[in-house]
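The values are calculated or read from the model by the stated rules, or taken from the named source; none is laboratory data. Predicted, not measured: the structure shown is a model, and the values here were computed from it. All Cβ positions, even for glycine, are placed from backbone atoms using ideal geometry, and neighbour counts span all protein chains on display. Heavy atoms of the whole protein, side chains included, go into the accessibility calculation; ligands, DNA and RNA do not. Shrake-Rupley method; radii C 1.70, N 1.55, O 1.52, S 1.80 Å.
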Amino acid sequence: MKLAFSTLGVPGLPLTDVLRLATAHGYHGVELRAHPEEPAHPGLTPDERAAVAAEFKGAGVEVLGVAGYARVAAPGDDEPVIAEVRALLDLARDLGAPYVRVFPGGSSEQSAEEADATAARRLGTAAEYAADLGVRILLETHDSHRTGADAMRVLGLVGHRQVGALWDVMHTWLGGEQPSQSYAALSPHLGYVQVKDIASADDTTPLPLGAGVLPLTEVVDVLSRHGWDGWLCWEYEKRWYEAAAPLPDLLGPGREHLARLLTDSA
């Protein structure tokens, strides 16, 4: 498996510094938070996009994915959501990223069936555009669809190879799924896996990998047992938890922890 980290852990950090961290600590890729606060977002000009892609290529680091904030199950008109997803797909194509992350974002105003149908309709429409660009849309296990079983209800309706799943191990755990259950649900559609650690279900402040309660050993074990050889991406939510320890100091020990888990599981 290859290792990456998300720029959510280093809010606003210039990409030159992000790449320096990745190469210094042995990460193969970076997930880019696609938000106007960050150096890479859909508002970049073609020249700016080309410069970002060139900088990553020069550093020998891959752009794993573009982490967007489109909420595909949210109530409202389809077109603004589809337009947002298409803009993220364009950015991913220009940066050489294989994946775009979207959220479910369903509302309590909807029934589960309505949210599922809304998400599937929008993802199915966007999938054709994604196929033309060679980019895959990944629905993250998050918010209204936090378990693998929840995400599968949507993905089963979409039934398109360009739409898959991003397994956020915190949300499936908070939703009561065991890693083996999450993997069984998501494996036919799995793009990559976001790892992290927290103190408890009531305190989701990010911790160094291995310092909290999330079942990272079991996650790596189930992936290894099934021969999965994709990406593990550390999503350290520093942007939402300003008091959390700075990520740069944790990247080396975090990579070593993941490497130990991979070695032990093998």
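Elements of the type helices (runs of 4 or more DSSP H) sitting completely within the stretch 155-266 and holding at least 1 residues that are open to solvent by less than 50 Å² (accessible area, probe 1.4 Å) and small (Gly, Ala, Ser): these cover 179-186, 216-225, 251-265.
Scanning the stretch 105-154 for residues that are in contact (Cβ under 8 Å) with a residue 60 or more places away in the chain and part of a helix (DSSP H, G or I) returns a single hit, 154. Evaluated against (1) at pLDDT below 95; (2) touching a Pro at 6+ places or on another chain (Cβ under 8 Å), residue 244 falls short on exactly one condition, (1).
Here is the figure for the stretch 67-106: residues that are at positive phi and crowded, with 18+ Cβ neighbours inside 10 Å total 1.
Would you confirm, using the coordinates I've provided, whether residue 48 is touching a Ser or Thr at 6+ places or on another chain (Cβ under 9 Å), of a type in the set (D, E, K, R) and either surrounded by fewer than 15 Cβ atoms within 10 Å (Cβ to Cβ) or outside any helix (DSSP H, G or I) (or both)? No, not satisfied.
Within the stretch 237-262, residues that are within 28 Å of residue 225 (Cα to Cα) sit with their Cβ atoms under 7 Å from residues that are assigned to a loop (DSSP other than H, G, I, E, B) and of a type in the set (Gly, Ala, Ser), at 6+ positions apart or across chains, in these pairs: 255/26; 257/210. Among residues belonging to the stretch 107-126 that are touching a Lys or Arg at 6+ places or on another chain (Cβ under 8 Å) and crowded, with 20+ Cβ neighbours inside 10 Å, point out the one that is farthest from residue 153 (Cα to Cα). Out of the qualifying residues, it is 126.
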